[in-house]
Amino acid sequence: MKKIKATIASSMVLFAASAGASYADSLTLYCSAQEDWCQLMARSFEDATGIDVDMTRKSSGETFAQIRAESSNPKGDVWWGGTGDPHLQAAEEGLTMEYMSPMRDQLHDWAISQAESAGNKTIGIYSGALGYGYNTDLAAANNLPEPSCWKDLLKPEYKGHVQMANPNSSGTAYTTLASMVQIFGEDEGFEFMKGLHKNINQYTKSGSAPIKAAARGENTIGIVFMHDAVKQAVAGFPIKVVAPCEGTGYEIGSMSIIDGARNEDEAKQFYDWALSAEAQNLALQVNAFQVPSNTGAQTSDSAPDMSTIKLIDYDFKKYGSSDERKRLLRKWDEEVSVLPQ
Amino acid sequence: MVDGGLWSFEWLVDGYPFDEDYAPAAFLIAQGEKTWLAPLLVPLALPLLVVRRPKSDPLFARILILSGALGFGWLIAQGFGIGIRGFTFDWLKALFGEPRIRQFGMGYGAMFSATAFLFLLTQGIAARGAINGDVFVVSAIGGVIAIVTTFVFFPIANMLFAAFVTEDGSYSLTVFAAKFFDDRLWGLGCLWGARCGAAWNSLFLAVIVGFVTTILGLCFALVVTRSGFRYKRAVRALTVLPIITPPFVIGLALILLFGLSGSVTVFLADLFGVQPTRWLYGMPGILIAQTLAFTPIAFLVLIGVVEGVSPSMEEAAQTLRASRWQTFRTVSLPLMRPGLANAFLLGFIESMADFGNPLVLGGNFDVLSTEIFFAIVGAQYDQGRAAVLAMVLLFFTLSAFYAQRAWLGRKSYTTVTGKGDAGVHPLMPTGLSMPVTTIALVWAFFTAVVYGMIVYGSVVELWGVNNSLTFKHYVTAFSVRFEEEGIRWTGAAWDSFWTTITIAAIAAPLTAAVGLVTAYLLTRQNFAGKNAFEFGTMLSFAIPGTVIGVSYILAFNVPPIEITGTGVILVVSFIFRNLPVGVRAGIASMSQLDKSLDESSLTLGANSWQTFRRVILPLLRPAILAALVYSFVRAMTAISAVIFLVSARYDMATSYIIGRVENNDYGLAIAYSTTLIFVMLAAVGLLQVLVGRVQIGRRS
C-alpha cells in the first residue's frame, strides 16, 4: 500500500510538463568548409562580439540533409561555407530565409548575382574555379605526357589514371558535369563524359577525395576545384595544378540564414561580419585558397590567379535548379555510368 | 529543457515556476494555460479512491489499469497531437480550428509522469493476477517494452515508411517499386564487365567474409585448445586487438601497405619490374580489412564451443578404435556446429553493416551500407531510396538469422552434462594440425604487421613523402599547458576525447543494466508474446548503424521527444545498439544457474526483486563485466550511427577522426586512434579490477 501511495504522491509532485529553451547570446553555426577554417571563424566571431558559437562541421551534403531533416524544428542558425548548389536548393525549398545585408555594396558582382538567383536567401562568400591536379612523380614514373586541356584527359594513355567524384554524391562532380555541358554543349559534353568514363579508375564519394588520393600517390590525376589542389601542393605533396585551356566552370561558396532560426539577430550579426574584409582575410591563416567575395579582402599568393583562368559564364540559376539537376544526373546515370570501362 | 543540457538544471533558477516555457503543468492549468494537460489530473487522482482497498479487490486492479492506461495514452496523444507549430494533424485543426498553441519537447516532468502512469498500469495488471501477481516482473516487462518501443520500433518504423512517400508527401506503392527494382540495386552488369548492383555486392561480400572469418576463427580456436603450440596467450591477446580498434584505422594501414604507393606494393613492383596497380581498392581491400576486423569475433564465439565439446565423447570414439582423424571429423566437428553457425552469422551481419572499411577501401565496389549513407547525405538526398536499401539489408540479415536456426534444427548439442567430465581434449590429427597452425601463424603475423604500421604511421611526419620520426601529431592532439589556474587542455583532440569518455562511461552501465534485466525476463519468466519481445530486443543488432542514425534524427528532432543535438541521444543510441550483447551475455550465464536457486529463495519468502538482486546478480559478475566492457568499447569505436548524431557541443572521437582523414591528415588521425586503443586497454583492465574476478564454483 505504501508503495502505491508513494507512486501517486510522487507523480503528483513531479507533474511538470513541457519546457522550451532560451539562450543568452549564442549562435549555432553549421559550417561546411574545412575544419580549421570553421574553427577559426567561430573563435574569431566570439572574440569580436562576445557571442558564444556552437559550431558543427559537416560536408555541404550532410548539412543540407540535416537542415532538411530538422526543418520542422530548426536547430541551426546560420550555414556558412560549402559549394553553392545545396544553398540554392535550400533556398528553393524555403529552408533558408531572405536577408539583405548592409555589407552588400562591398562585394564582387558574382556574389550578388548568386544572392539574386536565390531570392536573396543566400550570398556568395568565396569562389573557386574547377580544374584538375596531377601527381608529378607518378606521371613521370608512368611516362605520361603533361595534360593541359580537358580533352587531353580523353587520351588512351591516361586509362586508369583519372579520378573524379560521383556526381550523384558530390557537388564538385556535379559542377564538373554541368560545366562540360556548358563548355561543349549538351551532346558533345556527354560524349566527353563517356570518353572520360573509360579512363576513370574510381568515382569517389567525396568531392575533394581524388586530389587527396593523388597527393598520397594512390591516383595520378584528380578532377577537383583548383584551390583544393593548391592546398595539397602547399602541404608538400608533388601536385601540379592545371587550369584547362578550354575554360572552366566555378563554384560560389555560400552562406545562408536558416529559416526559423532561434537566434535570428545573432545570425544576422554573423552574416554581416562574415562578409567583411577582416573576416574573409582569416582564410589566409588556414591555407584556404578560394577567392574572397569582399573586394577589399586579400587573396593568397599561392592561390590560382583568377585573371589568367578562362572562366565560362556559368548559369547558376539554371544548373542549380533541382529539375535540371535531376535531369542531368539521370542522363549521366543511364548513358554514362553503365558503360563498361 | 533537454536542449539546454539535461544535467544543467538552469531551468530551476531561470524563471521557474512562472516562465511559461519551464513551468510545471500544475501551475499552467491553474492559470488556464495549456489546458490540454488538465485531463491528466483525472487519472492521477483516480487511484486515491482505492488506496484503502485490499489488493485482491477486483476494483483495485480495474481502477489502476484504467488510470494508468488513460494517463499514458493521453500523454502520448497530446505529445504527438500538439507540436511546435500547433496541431500536427489536419483533422485536429478541422475539429478545433487553429488556435495559437504550441509546445516544445517533453522534459523531466513528462518523463516522470509517463513512468508513474506506466507503473500504475503494471501494478494494476499484476493485481489482476498476471505472472502470479508479481509486481516487479510485470513492471520490468512493461518498462522494457515501453523503452524498446520508443527507441527501437518507433524510429525504425518511422524511417521505413519513407520508402512509400512520394515527392509531394502522399503514400504510394509505385514509388516503392520504382526504387526497389532499380538497376543500381539489382543490376548484374559485373557478369559482362560493367558494374553489379549494391545488393548483390553486399550479399556476395558478406557470404565470403562469413566463411573466411569462420574458418580462420576455427583455426585459432583449434591452435589454442588442441595443439602443443607454445605461445597461446600471445595468440589470444592478438585476437582482442581489432575489437578495440577504431574504424578506418585498419583500412588506412592497408592503404599504406598495399595501396598504389604502399610500401609493400612498391617493393614488390621494383623487385619484379611490374607496374603497381590499384588492386586493393574494391572487393579485395574490403575483404582483407573485414577479415582482419571480424576474425577475432569468430574466434571468441568458437573458443567457447570448441572447449565445450566434452572430452569424454572424443575418448569414447577413440576407445571404439576410431583414428584421430575420424574422431575429429565425425565427433568433434559436428558438435561444433552451433558455434560454426553462430560465427558465420556474426561475420555475415558485421560485414553487411560495416561502414568504415567500404568507405575507405570501396573503390567502385558499392555496398548497401555506404549507399544508404550517400542516399541521405549525397547531392541527391533521397530518403526513400535510403529506406528501400535499409529494407533490403534488413531482409538479408534476418534471412541469415532464420537460415541459421533452420540449419541447426532441433538436434541436441549438449555435451556438458554435469556428470564426471574429466579428461583432456585430444590433439588435432597431424595432417590437420600442420596447415591449421600455419594458417593461424601467418594470419597472426599479418595482423601484427598491420598494427605495427599503425603505430609507425602515427610517429612519421608525412607518410610516404617525409618519413622522419616525430611526435608532433601527438602534441597537436594532446598537448596540455600547466598554468596558475591549473591544467589547460590545449590539444585539438581533448574536447572530443572527454566527450567520448563521458558518453561511453554513462552508456556502459545503463546498457548492462537493461540488458541483464531483459535476459532475466527471457530466461526466468514465461509470459505471452515472449518471442516477439526477444525479437524486439535483438532487432537493433541486425540494423546497420547508418539506418539507426538517420531514423533517430527523424524521430527525435521534433516533440514530443526532442533530444537531437544533445548528449542524451548519443547515450540512448549506444544503449540500444549494444543492448543485444548484454542480453546474450546475460542469457548465456543465467542458463548455467540452476532454477532451484531462485525457487529456494522464493520459498524462503523473498520476492522476485530480492531474489534477482541478492541471488542472481552476484552470480552474474562475468556477464556484467562482459556487457560493461563491450558497451564501453563499442561506444568509443562506433561510427556509422554517431556521424549523424554528433553536434557542436557533443563531438565524438570517431567523427573527429573521420574529419581528419577527409582532410588528408593521416598522421593526426592515426595518432588519435592509437591513443584510443591504449585508453581502451586501460579501461578494460580497470573494469576488470572494479567488477572483480569472482570464481563461480560450486565448491572451492
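The values are calculated or read from the model by the stated rules, or taken from the named source; none is laboratory data. Every value quoted in this text rests on a predicted model; they were computed, and no experiment measured them. Cβ placement follows ideal geometry from the backbone for every residue including glycine, while neighbour counts extend to all protein chains displayed. Quick note on the areas: whole protein, heavy atoms, side chains included, nothing else; ligands and nucleic acids left out. Shrake-Rupley method; radii C 1.70, N 1.55, O 1.52, S 1.80 Å.
Considering only the stretch B:251-289, state which residues are open to solvent by 10 Å² or more (accessible area, probe 1.4 Å) and within 23 Å of B:I208 (Cα to Cα). Answer for the stretch B:251-289, where residues must be open to solvent by 10 Å² or more (accessible area, probe 1.4 Å) and within 23 Å of B:I208 (Cα to Cα): B:F258, B:R278, B:W279, B:Y281, B:M283, B:P284, B:L287, B:I288. Taking the criterion of being closer than 12 Å to A:G81 by Cβ, in contact with a helix residue (DSSP H, G or I) (Cβ under 6 Å, 6 or more places away or on another chain) and in a helix (DSSP H, G or I), the only residue of the stretch A:41-63 that qualifies is A:S60.
Looking only at residues in the stretch A:298-340 that are basic (K, R) and in contact (Cβ under 8 Å) with a residue 12 or more places away in the chain, the one that is nearest to the other protein chains (Cβ to nearest Cβ) is A:R325.
The one condition from (1) out of contact with any strand residue (DSSP E or B) (no Cβ under 8 Å at 6 or more places or on another chain); (2) modelled with pLDDT of 90 or more that A:P167 does not meet is (2). For beta carbons closer than 8 Å, sequence separation of 6+ or different chains, a first residue in the stretch B:308-329 that is not assigned by TED's automatic domain parsing to the domain that holds B:L432 and a second that is loosely packed, with under 14 Cβ neighbours inside 10 Å and not hydroxyl-bearing (S, T, Y), there are no qualifying pairs.
Does the stretch B:613-636 contain at least one residue that is open to solvent by 20 Å² or more (accessible area, probe 1.4 Å), modelled with pLDDT of 80 or more and within 14 Å of another protein chain (Cβ to nearest Cβ)? The answer is no, given that none of the residues of the stretch B:613-636 is open to solvent by 20 Å² or more (accessible area, probe 1.4 Å), modelled with pLDDT of 80 or more and within 14 Å of another protein chain (Cβ to nearest Cβ).
For the stretch A:288-311, a residue qualifies if it is out of contact with any Asp or Glu (no Cβ under 9 Å at 6 or more places or on another chain) and among the hydrophobic types (A, V, I, L, M, F, W, C), and the qualifying residues are A:V291, A:A303, A:M306, A:I309, A:L311.
Rundown of residues vs (1) touching a Ser or Thr at 6+ places or on another chain (Cβ under 7 Å); (2) within 18 Å of A:L282 (Cα to Cα); (3) open to solvent by less than 30 Å² (accessible area, probe 1.4 Å); (4) not hydrophobic (A, V, I, L, M, F, W, C), yes/no style:
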position	(1), (2), (3), (4)
A:A42	no, yes, yes, no
A:F64	no, no, yes, no
A:H87	yes, no, yes, yes
A:D105	no, no, no, yes
A:S113	no, no, no, yes
A:K121	yes, no, no, yes
A:G124	yes, yes, yes, yes
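When B:I286, B:I297, B:I349 are checked against the criterion of being of a type outside the set (D, E) and within 14 Å of chain A (Cβ to nearest Cβ), B:I286 stands alone in meeting it. Inside the stretch A:289-341, residues that are under 30 Å from A:A233 (Cα atoms), open to solvent by 30 Å² or more (accessible area, probe 1.4 Å) and in a helix (DSSP H, G or I) make up a count of 3. The number of residues in the stretch B:145-154 that are open to solvent by less than 50 Å² (accessible area, probe 1.4 Å) and within 17 Å of the chain's Cα centre (by Cα) comes to 4.
When every residue of the stretch A:273-293 is checked against the conditions, none turns out to be more than 18 Å from the chain's Cα centre (by Cα) and modelled with pLDDT under 85.
For first residues located in the stretch A:150-166 and touching a residue at least 24 places away in the same chain (Cβ under 8 Å) and closer than 18 Å to A:A178 by Cβ, partners that are open to solvent by 30 Å² or more (accessible area, probe 1.4 Å) and among the charged types (D, E, K, R) and lie 6+ apart or on another chain with Cβ distances below 6 Å form the pairs A:W150/A:E246.
Are any of the residues in the stretch B:165-183 in contact with a Ser or Thr (Cβ under 9 Å, 6 or more places away or on another chain), within 14 Å of chain A (Cβ to nearest Cβ), more than 23 Å from B:A289 (Cα to Cα) and in a strand (DSSP E or B)? Yes, there is a match, as at least one residue in the stretch B:165-183 is in contact with a Ser or Thr (Cβ under 9 Å, 6 or more places away or on another chain), within 14 Å of chain A (Cβ to nearest Cβ), more than 23 Å from B:A289 (Cα to Cα) and in a strand (DSSP E or B). Within the stretch B:482-497, none of the residues are away from chain A (no Cβ under 14 Å), of a type in the set (A, V, I, L, M) and either in a helix (DSSP H, G or I) or crowded, with 21+ Cβ neighbours inside 10 Å (or both). On the stretch given as the stretch A:188-212, residues that are at pLDDT below 90 and more than 7 Å from chain B (Cβ to nearest Cβ) total 4. In the stretch B:644-678, which residues are more than 8 Å from chain A (Cβ to nearest Cβ) and β-branched (V, I, T)? Matches in the stretch B:644-678: B:T654, B:I657, B:I658, B:V661, B:I670, B:T674, B:T675, B:I677. Scanning the stretch A:232-272 for residues that are within 14 Å of chain B (Cβ to nearest Cβ) and within 18 Å of the chain's Cα centre (by Cα), we see that the one that is farthest from A:C31 (Cα to Cα) is A:Q232.
Within the stretch B:240-260, is there a residue that is free of Cβ contacts under 8 Å to residues at least 24 places away in the same chain and not assigned by TED's automatic domain parsing to the domain that holds B:V309? The answer is yes, given that some residue of the stretch B:240-260 is free of Cβ contacts under 8 Å to residues at least 24 places away in the same chain and not assigned by TED's automatic domain parsing to the domain that holds B:V309. Restricting the stretch B:91-127 to residues that are open to solvent by 60 Å² or more (accessible area, probe 1.4 Å) and at pLDDT 75 or above leaves a set whose member that is farthest from the other protein chains (Cβ to nearest Cβ) is B:I125.
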